[in-house]
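The values are calculated or read from the model by the stated rules, or taken from the named source; none is laboratory data. Treat the numbers as computed from the prediction; the structure is a model and nothing was measured. Positions of Cβ are generated from backbone atoms using ideal geometry, with glycine treated the same way; all protein chains shown enter the neighbour counts.
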């Protein structure tokens, strides 16, 4: 059995405390009419931002724009109603574009719906098993690396619609990077100037409005204006209507996906990838909201809410749901008071779908491609990349490996490889941080007034060359056990007794305990007495389980007590 000693107390929060949605918590606070008005205004603001984004992300993912709206309406409402974050806004996210497009290409839209439903079940299980506590341990360079990789792939997937290229393979989102670059290069002679001007005009207008009027919905204004110009001038550009037809004015009837065992087994890897990325993205977004507001989210409750939201989205024909950082930040800045803001955001999108859906058919795909190009640019954390690349070779390596694997192999492989490499670097750093140092005797002028009388015993024992006192500082775990064991073997040679001070050891695993047990047995064979002092009750229990207890070793509360016992034995 792997005995582990920890200094932190166990989490004693009850099940109800952990999984009560933030919506219920805020209802208990009696927000009143003023709070509801603030939430309604914030919800409208976020809906204006989410409207073009939801359609653009769905189109880039290889499905119809209406599925992006279904996702934001159904999934967004469930995330806010059942999640563990006060300000989280759920909906389709750019980070999923590559995974969703790949799944659609291999499994079809029905396979995508099933994968989304199963990912919801996985997220439910992760939440109830309290995995949310551990997902936050994913290293920062990993998140920066795979986010940058996703951003590059998103941008490349939009080049076709940005420039109006005539591509033979259709710009599929799951092709390898090299093949995609070759395809784009072959299609460059077919650039359509009208489409390119419309796309880059959209980008320019959004950037201009950000500087001139940051509070205005730049994306919606640019897309609406672009659609009006294309319709008014009769420009020969591809639109939502020409590629996908008219968007249905309302939600479809809920329908369960095909749950046959053969189909489930075929789609499990995709569902697992959706759940992993969804958990990471959602909790990152919740952390951002916490940093902006000073609130604290419930990570495991958030995963449960995300799970239900993905299942609900799939029932209505939507795609993957996750917490979205940009829309969540917009929600906070707009003055949201509670999760009702997210519910209002979904209701406003539903009103648009029911009233104005036919107008979406006039939106040029070049305008939506311009929106996604800016989304991709904003996803790249350029400042963080610069810091990581110049301050730590280890973090730079983790970032680079994650980024390159995401680009050239697969998102899931990039995350797992980056996490594994980051873990190995952490173990290496921790193993280098542990110290075994000799304690020097106190001199009289350094003693505090009223020092205990047994300091004399400590000084006398420490001055005795046949007795040594060594303090272990740092976590004594498998990564550091070999080094500590080698040092202890040398200490035990030609000594009468030695004392190991565990006061500065916060953590001990079974490998570390086994190393101490080996040193203790060697000491006994050589006639050397071993004292263990200052260990916490948990560490004492772990050592005792491995046999480090009388008569193999003497356990004392302090170094002074150990030296006093040794002095009495000699006397």
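Structure notes:
- Scanning the range 238-262 for residues that are under 33 Å from the mean Cα position of the chain (by Cα) and part of a helix (DSSP H, G or I) yields a total of 2.
- Test: residue in the range 214-221 that is on the phi < 0 side of the Ramachandran plot, at pLDDT 90 or above and in the same structural domain as residue 321 (by TED's automatic domain parsing): yes
- Contacts under 6 angstrom Cβ, first residue in the range 237-258 being modelled with pLDDT under 90, partner buried (at least 17 other Cβ atoms within 10 Å of the Cβ) and assigned to a loop (DSSP other than H, G, I, E, B), 6 or more apart: 244/64
- For residue 527, the conditions (1) surrounded by fewer than 16 Cβ atoms within 10 Å (Cβ to Cβ); (2) not in a loop (DSSP other than H, G, I, E, B) are fulfilled apart from (2).
- Leading residue by the ranking (nearest to residue 476 (Cα to Cα)) among those in the range 530-539 that are assigned to a loop (DSSP other than H, G, I, E, B) and in contact with a helix residue (DSSP H, G or I) (Cβ under 8 Å, 6 or more places away or on another chain): 535
- Residue count for the range 306-335, restricted to those that are under 12 Å from residue 278 (Cβ atoms) and touching a strand residue (DSSP E or B) at 6+ places or on another chain (Cβ under 8 Å): 6
- Test: residue in the range 206-224 that is touching a residue at least 60 places away in the same chain (Cβ under 8 Å), exposed (fewer than 15 other Cβ atoms within 10 Å of the Cβ) and part of a helix (DSSP H, G or I): yes
- Cross-chain or 6+ apart pairs with Cβ under 6 Å, the range 24-39 first and closer than 16 Å to residue 85 by Cβ, then surrounded by 12 or more Cβ atoms within 10 Å (Cβ to Cβ): 26/338; 39/336; 39/337; 39/338; 39/340; 39/341; 39/344
- Residue 542 assigned to a helix (DSSP H, G or I), over 17 Å from residue 467 (Cα atoms) and touching a helix residue (DSSP H, G or I) at 6+ places or on another chain (Cβ under 6 Å): yes
- Residue match in the range 338-351 (condition: part of a helix (DSSP H, G or I) and out of contact with any helix residue (DSSP H, G or I) (no Cβ under 8 Å at 6 or more places or on another chain)): yes
- Among residues of the range 15-53, those that are within 29 Å of the chain's Cα centre (by Cα) and not in a helix (DSSP H, G or I), counted: 2
- Some residue of the range 455-466 being under 23 Å from residue 563 (Cβ atoms), buried (at least 22 other Cβ atoms within 10 Å of the Cβ), touching a strand residue (DSSP E or B) at 6+ places or on another chain (Cβ under 8 Å) and at pLDDT 75 or above: no
- Flag for residue 352 being at pLDDT 90 or above, assigned by TED's automatic domain parsing to the domain that holds residue 86 and closer than 21 Å to residue 286 by Cα: no
- Qualifying residue in the range 497-518 (condition: surrounded by fewer than 19 Cβ atoms within 10 Å (Cβ to Cβ), in contact (Cβ under 8 Å) with a residue 24 or more places away in the chain and more than 23 Å from residue 475 (Cβ to Cβ)): no
- Matching option when the condition is modelled with pLDDT of 90 or more, surrounded by fewer than 24 Cβ atoms within 10 Å (Cβ to Cβ) and in contact with a helix residue (DSSP H, G or I) (Cβ under 9 Å, 6 or more places away or on another chain), among 26, 45: 45
- Residue selection: residue 181 satisfies the criterion of being surrounded by fewer than 19 Cβ atoms within 10 Å (Cβ to Cβ) and part of a helix (DSSP H, G or I).
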